[in-house]
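Values quoted throughout were computed directly from the atomic coordinates according to the rules given, and no laboratory measurement underlies them. Just so we're clear, the structure is a prediction, and the values are computed from it rather than from any experiment. Because the Cβ atoms are built from the backbone with ideal geometry, glycine has one as well, and the counts that use them run over all protein chains shown.
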Amino acid sequence: MNWYAVKAIYLSELARTWRTPMQSIASPVLSTSLYFIVFGAAIGSAMVSIDGISYGAFIIPGLIMLTVLTESTSNSSFGIYMPKWSGSIYEVLSAPVSAVEIVLGYVGAAASKSLILGGIILLTARFFVDYSILHPGWMLLFLLLTCITFSLLGFIIGLLADGFEKLQVVPLMIVTPLAFLGGTFYSISMLPEFWQKVTLFNPVVYLVSGFRWSFYGVSDVNVGVSLAMILLFMFSFLVIIYWIFRTGYKVKV
């Protein structure tokens, strides 16, 4: 394993975050804070509690997941697409660096950014809503796995995209709607029985449910199933990345 190459790619990608703090950190934190103000403080004060949890506290895990999903996907896709766009990807491919090391560098940096962002939002939420974390270890595990999984998805998008506009298609048209419909602002038990079953086909439901369980011990889906689904998504994305590098599709051709 060429750890020098992994470190170089990782630090280079992290440096891009510190060069654009307003876009990378301040903007998503501000957007999420507005959700806390509007839904948590204003609307939440008029809402009944859900499963014995105040509405403002109930939406915290969902809002963190919403931000982490979109930021992980966007950061990773942009990080690998820029070398493709500038042509420097061929220098990386011709260097003594394996596909595993490339993925570790780019995906590791994107996941680290999202993990830091999730932590900042978690601290920011304390200014608006009181909350507790029943299982902090599980909370960190779910957050880390989600950051890695959707950074892998973003890496795939960046490899396959052939234009800047296509980088935003999946995050804006697929990931964000699925997050909003995945129990971010509500419990799926509040839906009619038919729609409860339909919602189970939304993969984000399992992420939000497992993450919320780590906070309050309540979930819409069994926590074991949530963990298994996250691992399944991660494995599926790894298989796709392996196939892309193995065939060179959209990378070497």
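Points worth noting:
- Spin-label zone in the range 145-159 - amide nitrogen under 20 Å from a point set 7 Å from the Cα of Leu11 along the C-beta vector: none
- Exposure proxy shown here: for Phe194, Phe164, the number of other Cβ atoms within 10 Å sets the order, fewest to most, as Phe194, Phe164.
- With a Cα cut-off of under 19 Å and a minimum spacing of 8 residues unless on different chains, the lysine pairs in the chain number 5.
- Calculated FRET value between Leu200 and Phe180, using beta carbons and R₀ = 22 Å, to 0.05: 0.85
- Label-point gap, in nm, between Thr247 and Leu144 - each point 7 angstrom along Cα→Cβ: 3.3 nm
- Neighbour-count ranking [beta-carbon atoms within 10 angstrom, fewest first] of Leu66, Leu30, Leu207: Leu30, Leu66, Leu207
- Which of Lys166, Lys197, Lys84, Lys113 has the fewest Cβ neighbours within 10 Å, and the rest in rising order: Lys197, Lys166, Lys84, Lys113
- Using the Cβ-Cβ distance between Glu193 and Ser31 with R0 set to 41 Å, the FRET efficiency from 1/(1 + (r/R0)^6) comes to roughly 0.75.
- Sites Arg126 and Ser49 - FRET efficiency at Förster radius 22 Å, r taken between beta-carbons, to 0.05: 0.70
- In the chain, taking the dipole from charged Cβ atoms about the Cα centre, the farthest positive-side position among Phe215, Pro177, Thr149 is held by Thr149.
- Mean shadow area of the range 58-114, taken as a quarter of the surface of its Cα convex hull (nm²): 4.1 nm²
- Percent of alpha-carbon pairs separated by more than 26 Å within the range 80-190: 33 percent
- For the chain, the longest principal axis of the C-alpha atoms and the axis of helix 203-216 are separated by about 60°.
- Point-to-point label distance, Thr20-Leu238, nm (Cα→Cβ direction, 7 Å offset): 3.0 nm
- Reciprocal mean inverse distance between Cα atoms of the chain - Kirkwood radius, Å: 18.8 Å
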